[in-house]
Amino acid sequence: MASEVDICNLALGHLGDRATVSSINPPEGSAQAEHCARFYPVARDLVLESHEWGFATKRANLALLSDTPPPGFQFVYQLPADCRNIIDLIDPNAPTFYPIDERRGHWQDDAFTMPAVPYELEARADGTAVIYTNLATAIVRYVASITDTTKFSAQVVDAIGWLLAAYLAGPVIKGDTSMAVAKAMMQAYQLSLSAARTNDANNRRRSPSQAQHPAPWIQNR
């Protein structure tokens with residue numbers, strides 16, 4: 001599995017820089033390590049926020065707070081500390097609906113829905129992120145801040161490497177050429193990210209064996 005240093009050296013390689021870094025936390029002392037230490041977290045987090053990655057998706061029971069919610073809401077919950085993006089709130093008591101594919105005559109293998117739960121995300125005076133909703137015993141599904149590179153797929157590593165290269169082009173190459181190189185690196189990043197998203201979505205698709213059975217709440221009726 002690639003490490004942070006591996007991803008940084010991958011990015012430098014894209015730029016044709018022969019230097020290699022051995023540490024970015026703390027930086028080893030080279031200019032390349034300093035630049036990587038500054039830009040790598042930005043590139044990593046931007047890629048994480050760009051998609052609902054399977055390796056970064058979590059579910060958690062929300063912690064109920066005693067705060068008074070604003071008008072229109074009944075409950076205030078604390079957002080998980082590692083939450084980067086909320087995907088949705090889940091009512092654990094609501095049934096899951098599996099649409100029927102009329103062409104194939106059975107439950108769709110790549111689609112299921114749950115009732116949408118309205119909510120608002122805000123910050124308290126102390127900066128703590130909270131969620132306002134009318135849902136009791138709420139569960140949140142979210143994209144977590146993942147820093148362990150061993151959790152990243154090879155395609156996500158590749159995407160981060162290209163984006164980091166785009167950020168590094170200016171300080172590493174310098175001059176007018178750096179702008180053209182940064183643009184080329186960004187284009188390569190977009191292609192890599194698209195491939196990574198597609199692969200992740202395909203890996204998370206429900207299997208036909210699951211899809212050919214009704215939802216549990218229907219079976220138990």
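The values are calculated or read from the model by the stated rules, or taken from the named source; none is laboratory data. Here the structure is a predicted model, which means the values were calculated and not measured. Heads up, the Cβs are rebuilt from the backbone with ideal geometry, glycines too, and the neighbour counts pull from every protein chain shown.
If the requirement is being at pLDDT 95 or above, assigned by TED's automatic domain parsing to the domain that holds HIS14 and surrounded by 20 or more Cβ atoms within 10 Å (Cβ to Cβ), which of these qualifies: ALA196, ALA184?
Just a single option satisfies the conditions, and that option is ALA196.
From the list ARG18, ARG59, which one is outside the structural domain of LYS174 (by TED's automatic domain parsing) and basic (Lys, Arg)?
Among ARG18, ARG59, only ARG59 is outside the structural domain of LYS174 (by TED's automatic domain parsing) and basic (Lys, Arg).
On the given criteria, is GLY170 outside any helix (DSSP H, G or I), outside the structural domain of ALA116 (by TED's automatic domain parsing) and free of Cβ contacts under 8 Å to residues at least 40 places away in the same chain?
For GLY170, the condition - outside any helix (DSSP H, G or I), outside the structural domain of ALA116 (by TED's automatic domain parsing) and free of Cβ contacts under 8 Å to residues at least 40 places away in the same chain - is not met.
Within region 5-55, how many residues turn out to be among the charged types (D, E, K, R), under 15 Å from VAL157 (Cα atoms) and in contact with a helix residue (DSSP H, G or I) (Cβ under 6 Å, 6 or more places away or on another chain)?
Residues meeting the conditions: 1.
Report, by residue number, each residue of region 57-90 that is in a loop (DSSP other than H, G, I, E, B) and over 29 Å from ALA201 (Cβ atoms).
Scanning region 57-90 gives LEU65, SER66, ASP67, THR68, PRO69, PRO70, PRO71, GLY72, PHE73, GLN74.
With respect to the numbered conditions (1) in contact with a strand residue (DSSP E or B) (Cβ under 6 Å, 6 or more places away or on another chain); (2) under 30 Å from GLY13 (Cβ atoms); (3) surrounded by fewer than 16 Cβ atoms within 10 Å (Cβ to Cβ), which one is the sole condition not fulfilled by THR147?
Against the list (1) in contact with a strand residue (DSSP E or B) (Cβ under 6 Å, 6 or more places away or on another chain); (2) under 30 Å from GLY13 (Cβ atoms); (3) surrounded by fewer than 16 Cβ atoms within 10 Å (Cβ to Cβ), THR147 comes up short only on (1).
Which one of these is assigned to a loop (DSSP other than H, G, I, E, B) and more than 13 Å from the chain's Cα centre (by Cα): GLY175, GLY161?
GLY175
Of all residues in region 92-136, count the ones that are at pLDDT 80 or above and either surrounded by 12 or more Cβ atoms within 10 Å (Cβ to Cβ) or part of a strand (DSSP E or B) (or both).
Residues that pass the stated criteria total 15.
Run down ARG38, ARG59, ARG44 and say which single residue is basic (Lys, Arg) and over 27 Å from ILE139 (Cβ atoms).
Of ARG38, ARG59, ARG44, the one residue that is basic (Lys, Arg) and over 27 Å from ILE139 (Cβ atoms) is ARG38.
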